[in-house]
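The values are calculated or read from the model by the stated rules, or taken from the named source; none is laboratory data. The structure presented is a predicted model; accordingly, all values stated were derived computationally and were not measured. Neighbour counts are summed over all protein chains in view; Cβ atoms, including those assigned to glycine, are modelled from backbone coordinates with ideal geometry. Surface areas here come from the heavy atoms of the whole protein model, side chains and all, with no ligands, DNA or RNA. Shrake-Rupley method; radii C 1.70, N 1.55, O 1.52, S 1.80 Å.
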Amino acid sequence: MSSTAAETQGHLAARAATVIPGGVNSGQRQVAGLENLVIASTSGSTFTDATGRVFTDYHAAFGPPLLGHNDPDVDAAVAAAGRSVDLIGVGVTQVEIELAERLVANVPSLEKVLLTATGSEATFHALRLARTATGRRHVLKFQGCYHGWHDSVAMNVISPAERVGTKDPLSGGILPEVIDATIVCPFNDAAAVERALDEHDVAAIILEPIPHNIGTVLPQPGFLERLRELASKHGTVLVFDEVITGFRHGLGGYQAVAGVTPDLTTLGKAMANGWPVSALGGKAELMDLFSTTPGRPAFFAGTFNGHPATSAGALATIEKLEREPVHEHVFGLGERARTGLQRLYDRVGIPAVVSGFGSVFVSYFLARRVVSYDDLLANDVDLFVGYRRELMKDGIFELPLNLKRSHFSYAHTEDDVDRLLEATEGAVARHLETRE
Ligand SMILES: Cc1ncc(COP(=O)(O)O)c(C=O)c1O
């Protein structure tokens with residue numbers, strides 16, 4: 001990188017910091033050591049920063065570009081819709097109808113579906129709907145799961161050890177009553193859920209069926225089935241937050257893989273390959289409580305909901321996922337990477353558990369089975385973050401933040417995996433040398 005290019009990037013970052021608090025538009029984008037990072041362009045499996053450095057991108061914006069950045073089919077559909085039908089704010093457009101039909105056809109739990117713009121909106125409406133339907137107060141979430149920025153769920157994600165088992169809000173400004181009305185259980189602990197349902201009036205159980213916000217903690221055999229049974233028994237609404245797992249793990253989401261059907265499902269991220277669209281769907285008897293049906297009690301609105309251009313992007317994404325062997329390709333790359341990484345750590349004698357599902361992978365540096373968040377407290381954070389910083393020197397980007405997962409897209413290749421394996425070995429070794 002030339003010093004002029006670095007100065008230009010530094011100058012842009014300084015301008016950003018002057019007018020944007022912290023210089024970025026989401027708290028998770030401010031990463032130690034990357035304060036000056038300015039992204040200039042993206043293409044397929046890569047992004048380029050303002051100094052001209054090209055990185056193979058495994059961060060993938062926390063998951064949306066499943067087809068790769070700037071997918072030509074999706075982008076053409078968005079542009080075409082943008083030229084022909086703009087946002088109106090009354091009635092419905094044909095593309096919204098077609099998208100809803102496609103979603104209902106693909107995702108097992110969806111009898112009816114509403115469109116929103118972000119995952120947080122979808123989970124917000126899911127919980128409000130559950131409270132409306134049941135007349136109950138509490139919601140139950142799991143330590144390590146993230147469901148967006150709103151008050152009922154913005155807590156207990158990547159908690160420090162001393163906060164596990166207590167309420168750990170992500171933000172100030174949340175009313176104590178709201179924090180109090182959220183119950184947090186350990187993932188994979190059905191007995192804890194059963195106790196909570198016995199003791200409290202729980203409107204909804206909400207979970208990522210695979211908690212990917214802490215990498216990948218797989219549900220133990222029978223856990224999702226048991227949640228289904230308990231929710232049905234107690235009249236509690238079961239919400240699968242498939243904002244990450246939806247589309248990425250299959251057109252029917254992880255619920256189709258697991259064979260467990262929730263009452264409500266939230267979708268987002270990969271749904272339109274990076275364009276802002278999300279959805280909430282589920283049983284008709286619940287969805288029909290929304291005020292989109294006149295006189296019904298659960299208020300639902302949003303200026304940008306069902307935007308024709310982003311809806312067209314979602315439809316084009318789904319059509320491509322149906323038409324082309326996208327899942328076969330990304331699952332193959334994921335498997336190759338996970339197997340290769342585990343072999344590599346075993347060979348060089350570094351305690352590690354390589355986890356993941358489908359296109360997602362993560363290397364935890366610990367020596368124990370990973371069943372719940374507690375196990376991840378043993379992760380060697382310094383190595384986890386340190387080798388990722390080293391990887392950037394090889395033009396490879398895995399987000400250097402503790403427990404964050406990495407993703408393959410349709411645009412990645414087997415050569416990318418091989419380069420990743422070779423570079424990871426070097427990056428881990430170099431990082432370990434620095435702390436000897
Ligand atoms: C599982 C899950 N649910 C909900 C959200 C919130 O989505 P958004 O950031 O689009 O509001 C996220 C975001 O990372 C997520 O990972």
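What Kirkwood Rh does region 134-176 have if only Cα atoms enter the pairwise 1/r average? Answer in Å. Over region 134-176, the inverse of the mean reciprocal pair distance is 11.2 Å. Note that the chain presents 41 Å² accessible area per residue, ligands and nucleic acids not counted, probe 1.4 Å. Net length available on complete extension from residue 61 to residue 25 is 11.7 nm, with 0.36 nm assigned per residue and the Cα-Cα distance removed.
Label-to-label distance for residue 80 and residue 8 is 3.6 nm, based on points extended 7 Å past Cα in the beta-carbon direction. A full extension of the chain between residue 105 and residue 301 corresponds to an added length of 68.1 nm, given 0.36 nm per residue minus the alpha carbon distance.
For region 1-142, the calculated P(r), taken from all Cα-Cα distances in 5 Å bins from zero up to the bin holding the longest distance, is 2, 7, 10, 13, 15, 14, 13, 11, 8, 4, 2, 0, 0 percent.
Stokes-Einstein, applied to the Kirkwood radius of region 249-295 over Cα pairs at a viscosity of 1.567 mPa s and 4 °C, places its translational diffusion at 105 µm² s⁻¹.
Taken over region 82-198, the alpha-carbon convex hull comes to 176 cubic angstrom per residue. For region 106-161, the Kirkwood hydrodynamic radius from C-alpha pairs, put into Stokes-Einstein at 37 °C and a viscosity of 0.692 mPa s, yields a diffusion coefficient of 255 µm² per second. Taking the inverse of the mean 1/r over every pair of distinct Cα atoms in the chain gives a Kirkwood hydrodynamic radius of 22.6 Å.
Amide hydrogen proximity for residue 112: with H placed 1.01 Å from N in the peptide plane, the residues at 5 or more positions away or on another chain lying under 5 Å are 282, 284. Computed extension gain for residue 39 through residue 54, at 0.36 nm per residue and net of the alpha carbon distance, reaches 4.4 nm.
Kirkwood hydrodynamic radius, region 213-351, all distinct C-alpha pairs: what's the number in Å? It is 17.7 Å. Ordering of 283-291, 387-395, 147-155 by packing is 147-155, 387-395, 283-291, highest average first (other Cβ atoms within 10 Å, averaged per residue). Distance from the alpha carbon centroid of region 224-277 to that of region 370-430 works out to 27 angstrom. FRET efficiency for the residue 415 to residue 233 pair, using the beta carbon distance and R₀ = 56 Å, is estimated at 0.65. Short to long, the 5 Å bins of the Cα pair-distance histogram for region 212-279 hold 4, 16, 25, 24, 17, 9, 4, 1 percent of all pairs.
In terms of packing, defined here as the mean over residues of other Cβ atoms within 10 angstrom, the peptides 307-317, 351-361, 167-177, 47-57 line up highest first as 307-317, 351-361, 47-57, 167-177. Could you tell me which of rounded, prolate or oblate describes region 152-208, using a ≥ b ≥ c as the square roots of the eigenvalues of the alpha-carbon gyration tensor, with rounded for a/c under 1.5 and, failing that, prolate when a/b is larger than b/c and oblate otherwise? Taking the square roots of the gyration eigenvalues as a ≥ b ≥ c, region 152-208 is oblate. Scattering from the C-alpha atoms of region 135-261 alone, worked out with Debye: what is log10 I(q)/I(0) at q = 0.21 1/Å? Once normalised to I(0) and log-transformed, intensities are -1.31. With contacts taken as Cα pairs under 8 Å at a separation of at least 6 residues, region 281-436 carries a relative contact order of 18 percent. Computed over protein heavy atoms with a 1.4 Å probe, the carbon and sulfur contribution to the accessible area of the chain reaches 53%. Scattering from the C-alpha atoms of region 306-436 alone, worked out with Debye: what is log10 I(q)/I(0) at q = 0.12, 0.18 1/Å? Treating every Cα as an identical point scatterer, log10 I(q)/I(0) equals -0.53, -0.98. Estimated translational diffusion coefficient (Stokes-Einstein, Kirkwood radius over Cα pairs, 4 °C, 1.567 mPa s) of region 392-436: 109 µm² per second.
The alpha carbon centroids of region 165-183 and region 288-322 are separated by 30 Å. Relative intensity of region 1-82 on a log10 scale, I(q)/I(0) at q = 0.12, 0.23 Å⁻¹, equals -0.44, -1.13, per a Debye sum over C-alpha point scatterers of equal strength in the absence of solvent.
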